[in-house]
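Colleague: What follows is a single structure, and I will ask about it in a moment.
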Amino acid sequence: MGLVQREIEKAGIPTIGISIVRKYSEKVKPPRTVFLRWPFGHPLGEPFRPAQHRAVLEKAFDALYTVDVPGTIVDLPFRWRREKYEK
Amino acid sequence: MASHSRFKNMLIAKIITRFPSLANRFIDAYQPWETEGVPWTPVSKPLNQSVLSLVTTAGVHQKDQTPFNMNDPHGDPSFRRIDGRVSLDHLMITHDYYDHADADRDMNIVFPLDRLREMVDEGTLGGLAETHYGFMGHIDGPHIVTLINRSAPEVVQNLRKDRVDLVLLTPG
């Protein structure tokens, strides 16, 4: 994923990636990444939890607009299945 | 033979999704492409005026498209164009290297198109592109060159044609 992200960014379009394997992101070095210690196949969280998905998207867009050091990986604070997102 | 190895891959995928610590063995064995430096393009437009395209490596494609090739141990470096107006019911996942049982029930957990559409309706996101892109992760060996030299430039060309301002990438 990071390789495609790098090519898009290189072509002049800003990108943000969601990662669930920190080591890959550290090695491939995409421009901006938010990282979650969540299982494979669940970058936005659990099925049918729209508030959870939105929480991840909000953090991703925050990172897109605030990260100013290329290659930054932002560790998101959400624990797997132990947070409350619904208001 | 091919179906036997597909079964093995899918079994491993189920186990490492259930027990993430076991995944470290596979992560350490994976030798990613050597990269130099970090590309950078500053963001120039606010989110509520930006058109976004979604790019996933979770193996998502339309049901009417050719599935990704699961019999090549190096993966499939091609991509699928996903119509921006598509309903998530018309999408499916072909990817044996992670357990997508949950994503099959709600595609938004790997391809959050409904959530992004809600953001457009609310006015927090400017708009969505006419096309999104589905790749399969787990690309290895000679296919990495194809991914970088052929697939990625085609996607870039399309993103420019569609006047896309931002790209969000999601893994499987």
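Colleague: Between A:Arg22 and B:Arg18, what is the FRET efficiency for a Förster distance of 22 Å, r being their Cβ-Cβ separation, to the nearest 0.05?
Modeller: Numbers: r = 20 Å, r/R0 = 0.89.
In this case the efficiency is close to 0.65.
Colleague: Taking chain B as the reference, fit the longest principal axis to its C-alpha atoms, fit the long axis of helix B:113-122 to the helix C-alpha atoms, and give the angle between the two in degrees, 0 to 90, nearest 10.
Modeller: 20
Colleague: Now, a different point. If the cut-off is a Cα-Cα distance under 20 Å, which lysines reach B:Lys161, setting aside same-chain residues fewer than 8 apart in sequence?
Modeller: Cross-link targets: A:Lys10, B:Lys45.
Colleague: Return the percentage of antiparallel bridges among DSSP beta bridges fully within the protein assembly as shown, rounded to the nearest 5 %. Mind showing how you got there, number by number?
Modeller: Numbers: 9 of 28 bridges.
The antiparallel proportion sits near 30 percent.
Colleague: I've got another one for you. Report P(r) for region B:48-170: all Cα-Cα distances, bin width 10 Å, range 0 to the bin holding the largest distance, values in whole percent.
Modeller: Percent of pairs per bin, in order: 13, 44, 33, 9, 0.
Colleague: If you take the square roots of the eigenvalues of the alpha-carbon gyration tensor of the protein assembly as shown and sort them as a ≥ b ≥ c, do you get rounded (a/c under 1.5), prolate (a/b over b/c) or oblate? Each step should come with its number before you reach the end.
Modeller: On the way: a/c = 1.30, a/b = 1.20, b/c = 1.09.
Rounded shape, in that the Cα axes give a/c under 1.5.
Colleague: Using Cα pairs closer than 8 Å and at least 6 residues apart in sequence, work out the relative contact order for chain B, in percent.
Modeller: Details: 249 pairs, mean separation 63.0, N = 172.
In percent, rounded to a whole number, it is 37.
Colleague: When you look at the Cβ of every residue in A:53-65, what mean number of other chain Cβ atoms sits within 10 Å? List each step's numbers first, then the result.
Modeller: Working: counts 8, 6, 0, 4, 8, 2, 0, 4, 9, 1, 0, 7, 4.
Mean partner-chain Cβ count within 10 Å for A:53-65: 4.
Colleague: Moving on to the next point. Just how much of B:Arg115 is accessible, in Å², when a 1.4 Å probe is used and the result is rounded to the nearest 10?
Modeller: Solvent-accessible area, nearest 10 Å²: 20 Å².
Colleague: Going highest first, how would you order B:150-161, B:40-51 by mean Cβ packing within 10 Å?
Modeller: Values: B:150-161: 16.5, B:40-51: 13.9.
Order by mean packing, descending: B:150-161, B:40-51.
Colleague: Looking only at region B:47-69, which residues have a backbone nitrogen under 20 Å from a spot 7 Å from the Cα of B:Arg85 in the C-beta direction?
Modeller: Only B:51-54, B:61-65 pass the distance filter.
Colleague: So, R0 is 45 Å and r is the distance between the beta-carbons of B:Lys45 and B:Ser3; what FRET efficiency does that work out to, to 0.05?
Modeller: Numbers: r = 48 Å, r/R0 = 1.08.
FRET efficiency, B:Lys45 to B:Ser3: 0.40.
Colleague: OK, next. Let me confirm one metric for peptide A:44-51, namely the mean number of other chain beta-carbon atoms within 10 Å of its residues' beta-carbons. Provide the component values of the computation, followed by the final result.
Modeller: Values: counts 10, 5, 4, 9, 5, 3, 6, 1.
Rounded to a whole number, the mean comes out at 5.
Colleague: Rank A:Arg79, A:Arg6 by accessible area, highest first, at a 1.4 Å probe radius?
Modeller: Reading off the accessible areas and sorting them downward yields A:Arg79, A:Arg6.
Colleague: For B:Arg105 paired with B:Thr66, estimate the spin-label separation in nm (one decimal), with each label point 7 Å from Cα along the Cα-to-Cβ line.
Modeller: Reported label-point gap for B:Arg105 and B:Thr66 is 3.4 nm.
Colleague: Per residue of chain A, what 222 nm ellipticity follows from adding -39500 (n - 2.57) for every DSSP H run with n ≥ 4, rounded to the nearest 500? Don't jump to the answer; show the numbers that get you there.
Modeller: Numbers: 3 runs with 33 residues, N = 87.
Value at 222 nm, helices only: -11500 deg cm²/dmol.
Colleague: Hey, another quick one. Averaged over peptide B:159-169, how many Cβ atoms belonging to another chain are found within 10 Å of each residue's Cβ? Each step should come with its number before you reach the end.
Modeller: Numbers: counts 4, 3, 0, 0, 0, 2, 2, 8, 11, 9, 15.
Mean number of neighbouring Cβ atoms from other chains: 5.
Colleague: With everything on Cα atoms, drop me the angle between helix B:152-161 and the longest principal axis of chain B, reported from 0 to 90° to the nearest 10.
Modeller: Orientation of helix B:152-161: about 20 degrees from the principal axis.
Colleague: Then there's this: Roughly what would the spin-label model give for A:Thr66 and B:Glu34, points 7 Å off Cα along C-beta, in nm?
Modeller: 3.6
Colleague: Rounded to the nearest angstrom and ordered from largest down, what semi-axes does the equivalent ellipsoid of region A:20-81 get from its C-alpha gyration tensor (root of 5λ)? Don't jump to the answer; show the numbers that get you there.
Modeller: Details: eigenvalues 84, 41, 12 Å².
Semi-axis lengths for region A:20-81 are 20, 14, 8 Å.
Colleague: Suppose every Lys and Arg Cβ carries +1 and every Asp and Glu Cβ carries -1, with no other charges. What dipole size does chain B come out with about its Cα centre, to the nearest 20 debye?
Modeller: Numbers: 17 positive and 22 negative charges, 29 e Å.
So the magnitude is around 140 debye.
Colleague: Here's another thing I want to ask about it. Put +1 on the Cβ of each Lys and Arg and -1 on the Cβ of each Asp and Glu in region B:1-140; which of B:Met70, B:Ile12, B:Ala129 then has its Cα farthest toward the positive end of the dipole?
Modeller: Going by the Cα projections, it comes out as B:Ile12.
Colleague: Now a separate question. Only four residue types carry charge here, +1 at the Cβ of Lys and Arg and -1 at the Cβ of Asp and Glu. Report the dipole size of the protein assembly as shown about the Cα centre in Debye, rounded to the nearest 20. All intermediate terms of the calculation are to be shown ahead of the outcome.
Modeller: On the way: 33 positive and 32 negative charges, 92 e Å.
Taking the Cα centre of the protein assembly as shown as origin, the dipole is about 440 debye.
The values are calculated or read from the model by the stated rules, or taken from the named source; none is laboratory data. Bear in mind that the values here come from a model prediction, so they are computed numbers and not experimental data. Every residue, glycine as well, gets a Cβ built from its backbone with ideal geometry; the counts of neighbours run over all protein chains shown. These accessible areas exclude ligands, DNA and RNA; they are computed on the full protein's heavy atoms, side chains included. Shrake-Rupley method; radii C 1.70, N 1.55, O 1.52, S 1.80 Å.
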